[in-house]
Amino acid sequence: TDRYAVFGNPIGHSKSPRIHALFAAQTGQDISYEAILVERGSFPAAVDAFMAADTAPARGANVTVPFKEEAFRLATRRTPRAEAAGAVNTLSFDAGAIIGDNTDGAGLVRDLKHNLGCDPAGRRILLLGAGGAARGVILPLLLENPAELVIANRTEETAARLALEFGRLPGCAVSVKPDGIGFAGLAGRAFDLVINATSAGLSGAVLPLPTAVFAPRCVAYEMVYGRATPFMNQARAAGARVADGLGMLVEQAAEAFFVWRGVRPRTASVLAALKTP
Ligand code: ATR
C-alpha cells in the first residue's frame with residue numbers, strides 16, 4: 001500500500017479522502033489516503049512526519065488552504081504550472097525529492113470541457129478575483145486559446161499587476177495577453193464564460209457586476225461549492241448557465257491521481273456520488 005494524504009486547516013470536511021478512495025477502487029490501485037489537520041506554522045514538520053512514518057511508503061500529498069504557498073516553498077522541484085500558479089496543491093515524494101505541482105487549473109479546464117461542454121477556446125472569459133485561486137487558473141486558461149481573458153478585481157491594481165505578469169510569462173506561447181481591470185471597468189462589456197475566483201461567496205458578499213457581463217448562453221462558474229452564493233444567484237437571474245466548483249474539486253483530484261499513479265480515473269460516477277450524501 002502506498003500512502004497519500006491531504007494537509008490543511010480546517011480539514012474535517014475534506015472530500016478528498018472519499019474521492020481518492022473511489023478513484024483507487026475504480027482503478028484497482030493499492031493506496032491509502034488520509035486527511036491530516038496541520039496547525040499553522042507546522043506544515044513542514046507535518047510533511048516530514050508523514051514521509052518518515054515507516055508503516056508503508058509515503059508517495060505524495062495534496063495540500064489545501066492555507067498551506068499551498070508554503071508547499072510551493074517546501075518543494076525541491078516544481079512543475080511549470082506550479083511555478084505559474086505560485087502555489088502547490090500536489091506533492092510527489094521521490095527518493096528524497098519533493099516535487100511540487102498544481103492541478104487546480106487543469107481541474108477547472110477539464111470540468112469546463114468534459115463535464116460542462118464549455119470549451120474555453122475562442123470564448124471571451126472574465127475571471128473575477130486576483131488572489132491565489134485566480135492566479136492558479138490563469139495559465140491553464142490562456143493555454144486553451146480563449147478569445148480574451150479579462151481579470152477583474154475589487155482592488156484594480158492587483159488585477160493589473162497579475163495581467164502584466166502573465167502577459168510576460170517567459171517561454172510561453174500564449175496568443176492572448178490578459179487584461180486587468182477593476183469592477184467599474186466591466187460596464188458595457190460582455191463575456192461567454194465568467195469565473196468567480198474571489199472569496200466573496202464565502203462571506204455572502206455581493207459583487208458589483210453589471211447584468212450585461214453575462215452574454216447570451218454564458219456559463220457562470222463559481223469556484224466555491226456546497227452553497228448557493230450571491231454570484232450564482234446574480235448569474236442565474238441574468239440568464240447564465242451556472243456551475244459550482246464541485247466538478248473542479250473532483251477533476252483536480254483526478255489530475256493529482258494521474259500525476260501519482262499514471263492512470264486517469266473516470267470522474268462522472270465520483271461526481272455523481274458526491275452529489276448524493
Ligand atoms: P484566495 O486564495 O481564495 O484567492 P485571496 O488570495 O485572499 O484568497 O484572494 C481573495 C480574492 O477575493 C481577492 O481577489 C479579493 O479582492 P481584493 O484583492 O480586492 O482583496 C477578493 N474578495 C474577497 N472578498 C471580496 C468582496 N467582498 N468583494 C469583492 N472581492 C472580494
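FYI, it's all coordinate maths here, none of it is from the lab. These numbers come from a predicted model, not from an experiment. A quick note on method: Cβ atoms are made from the backbone with ideal geometry, for glycine too, and the neighbour counts reach across all protein chains shown.
With contacts taken as Cα pairs under 8 Å and at least 6 residues apart, the stretch 47-96 reaches a relative contact order of 42 percent. Per-residue 3J(HN,Hα) values for the stretch 76-91, derived from phi via the Karplus relation 6.51 cos²θ - 1.76 cosθ + 1.60 with θ = phi - 60°, read 8, 9, 9, 6, x, 6, 6, 4, 5, 6, x, 8, 10, 10, 9, 10 Hz in sequence order (x marks Gly and Pro).
Of the residues 46, 178, 256, the one whose Cα sits farthest toward the positive end of the charge dipole of the chain, with +1 on the Cβ of Lys and Arg and -1 on the Cβ of Asp and Glu, is 178.
If you plug the beta carbon distance of residue 121 and residue 53 into 1/(1 + (r/R0)^6) with R0 = 51 Å, you get a FRET efficiency near 0.70. Summarising the strand pairing of the chain, around 20 percent of its internal DSSP beta bridges are antiparallel. Using only the Cα atoms of the chain, build the gyration tensor, take square roots of its eigenvalues as a ≥ b ≥ c, and label the shape rounded, prolate or oblate: rounded if a/c is under 1.5, else prolate if a/b is larger than b/c, else oblate. Prolate, since a/c reaches 1.5 and a/b exceeds b/c. Rounded, prolate or oblate: which fits the stretch 132-277, taking a ≥ b ≥ c as square roots of the Cα gyration tensor eigenvalues, rounded meaning a/c under 1.5, else prolate when a/b beats b/c? Because a/c hits 1.5 or more and a/b fails to exceed b/c, the stretch 132-277 counts as oblate.
Gain on full extension, evaluated as 0.36 nm per residue between residue 175 and residue 114 minus their Cα-Cα distance, stands at 19.7 nm. Taking the Cα centre of the chain as reference, the dipole from Cβ charges on Lys and Arg (+1) and Asp and Glu (-1) amounts to some 580 debye.
The H on the amide N of residue 118, modeled in the peptide plane, is under 5 Å from the matching H of 113, each at least 5 residues off or on a different chain.
Helical runs (DSSP H, four residues minimum) scored at -39500 (n - 2.57) apiece and divided by the length of the chain put the mean residue ellipticity at 222 nm at -10500 deg cm²/dmol. Listed values for the stretch 217-223 are Karplus-derived 3J(HN,Hα) couplings in whole Hz (6.51 cos²θ - 1.76 cosθ + 1.60, θ = phi - 60°), namely 6, 5, 9, 10, 10, 9, 6, and x replaces Gly and Pro.
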